[in-house]
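All remarks here apply to the structure that follows.
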Amino acid sequence: MDRLERIKEFCRLSDDEIDILSGEIRPAPEVAEHLIENVVGYFSIPMGIATNFCIDGIDMMIPMAVEETSIIAAASSTAKWVRKDGSIRTYIKGNLIIGQIQLPQVQNVARAKQIIHENRDLLMTLANTYVPGLVARGGGIRDLVIRELPRPYHDGTMLVIHILCDPCDAMGANLINQVCEAIKPKIEELTSEKVGLCILSNLVDGKLAGAEVVIRNIDPLVGKGIEEAALFAKADPYRAATHNKGVLNGIDPILLATGNDWRAVEAGIHAYAAKSGKYQPVTDWKMEGGDLVGRIEIPMAVGIAGGVTKLHPLAKVALKILGVNRAEELGRICAAVGLVQNLGALKALATVGIVKGHMQLHAANLAIAAGAEGSEIAEVRERLTEILHREKNISLTRAKEILEAIRVAPDSRTLLS
Ligand code: MEV
């Protein structure tokens, strides 16, 4: 059975949805016009499916839109390992996004804080009047918190009001921005202080998604190697950045495929990684008895309602493939896949190294970049793979040499190898 047939059967997709997935039906130009400005076309990124995932006991296919070689292969093979020898469990902590209303240079801090505090209920009620649809769906403003910040150059005090909002299944950026701007005049009127910026915060630490992966009875050498790799990331921000990039390799492609704002999620995850004052890895791996246990807990402001998720036909199909009905389910899947992706990278790094698997898959890219066409691509890739095995190194120059030789003398194998 071919790939699309299998997805169709497993995810119960319609013929139209399969045509959207395969590119047979392309998004109408008007869709792009609704999304951005000065549209000239679409930029296509390959969409693949990571397989073998069993998350919280449910088998699922993971749609990933990504340009980097080997991410989907690594996710699928690591998920296969986890499926055979372990498990993935996920959870969610909170569903509150944050809107910030800044009072940049407050004249009378104590008085302003007291007035906002006394009018907390009034302000929350007013705020909720601007999101009636959200309130009707069971969401809305849940709390209001005042934070006092010294100005960086010691010229006074800044107050920041956090409006905490349950966005239900939306990411909620537009909702919360509107609320903050709408209640700004009331805050100025009540406090006689000037309001500065009104904008959401991407550090959504009131909305966390977590996952735990266990590999039972792991080969102690591999387990120790992965534990040691996690320690390296804890000790060194230079390594932590790359470690976290490996986690995001698993998360960003799902966000892209489902039409979510990956820049927002990335910003939140990096800020959360630095919450102790030192940039840290967002995952941890430890040997517990004979088992390897990995954990992740990250801010995850994702949506499945509104915005691109509903406008872009591919995003709708991707959500159907995932089978999610709630935004929190999408957040939990992202955390799980990020953790599994990280496990795959650390296992490779701690054992055979990353080059072997990555470059082997990258050989086709090099062939195309060298100018190979049609059947030449497979031939150049094959010869590059042989060279990689022998010399542990391939490059674009090498790919160009091979292509040239093939074109000059199609049976140039012996010449180059
Ligand atoms: C490459 O895209 C990602 C890795 O560098 C992640 C890591 O080093 O952990 C392999």
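The values are calculated or read from the model by the stated rules, or taken from the named source; none is laboratory data. From a predicted model like this one, the values you see are computed outputs, not experimental measurements. As a convention, Cβ positions derive from the backbone with ideal geometry for all residues, glycine included, and neighbour counts pool all protein chains shown. Side chains included, ligands, DNA and RNA excluded: accessible areas come from the protein's heavy atoms. Shrake-Rupley method; radii C 1.70, N 1.55, O 1.52, S 1.80 Å.
The angle separating the long axis of helix 173-191 from the principal Cα axis of greatest extent in the chain is about 20 degrees.
Any idea what % of Cα-Cα pairs in the range 97-201 are farther than 23 Å? So the pairs more than 23 Å apart make up 23 percent of the total in the range 97-201.
Cysteine residues of the chain whose C-beta has no other cysteine C-beta under 4.7 angstrom: Cys11, Cys54, Cys165, Cys168, Cys334.
Before rounding to the nearest 500, sum -39500 (n - 2.57) across all DSSP H runs of length at least 4 in the chain and divide by the residue total; then give [θ] at 222 nm in deg cm²/dmol. Please report the intermediate quantities before stating the final value.
Details: 18 runs with 221 residues, N = 417.
So the helix-based figure for the chain works out to -16500 deg cm²/dmol.
Note: relative contact order over the chain, using C-alpha pairs below 8 Å and six or more positions apart, is 18 percent.
Of the peptides 7-15, 303-311, the ranking by mean beta-carbon count within 10 Å, highest at the top, reads 303-311, 7-15. Please label the shape of the range 356-416 as rounded, prolate or oblate, based on the square roots a ≥ b ≥ c of the eigenvalues of the alpha-carbon gyration tensor (a/c under 1.5 means rounded; beyond that, a/b larger than b/c means prolate, else oblate). Oblate shape, in that a/c is at least 1.5 and b/c is the bigger or equal ratio.
Contact order, relative form, for the range 97-201: 46 percent (alpha carbon pairs under 8 Å, 6 or more residues apart, mean separation divided by residue count). Take the range 269-417 with all the other protein chains still there, run a 1.4 Å probe, and you get 46 Å² of accessible area per residue. Structural descriptor for the range 356-416: relative contact order 36 percent, calculated from alpha carbon pairs under 8 angstrom and at least 6 residues apart. Relative to the longest principal Cα axis of the chain, at what angle does helix 396-408 sit, 0 to 90 degrees, rounded to 10? The angle comes out near 40 degrees. Close amide H pairs (under 5 Å, H built 1.01 Å from N) link Gly86 with Arg216, residues at least 5 positions away or on another chain. 3J(HN,Hα) couplings calculated from phi for the range 61-70 with the Karplus curve 6.51 cos²θ - 1.76 cosθ + 1.60 (θ = phi - 60°) are, in sequence order, 9, 10, x, 9, 9, 7, 9, 8, 4, 6 Hz; Gly and Pro show x. Each of Tyr153 and Ile115 was given a label point 7 Å from its Cα along the Cα-to-Cβ line. The distance between the two points is 2.6 nm. In a simple Cβ point-charge model (Lys, Arg +1; Asp, Glu -1; nothing else charged), the chain has a dipole of about 960 debye relative to its Cα centre.
Accessible surface of the range 356-416, 1.4 Å probe: 54 percent of it comes from carbon and sulfur atoms.
Ordering 242-250, 372-380 by mean Cβ neighbour count within 10 Å, with the highest value first, yields 242-250, 372-380.
Given the options Leu197, Gly225, Met124, identify the residue whose Cα lies farthest towards the positive end of the charge dipole of the chain (+1 on Cβ of Lys, Arg; -1 on Cβ of Asp, Glu). The listed residue farthest towards the positive side: Gly225. Relative to the dominant Cα principal axis of the chain, helix 220-235 is inclined by about 40°. Here the accessible area of the range 97-201 is 53 percent carbon and sulfur, with a 1.4 angstrom probe and all protein chains present.
Per residue, the accessible area of the range 97-201 comes to 50 Å² when a 1.4 Å probe rolls over the protein heavy atoms.
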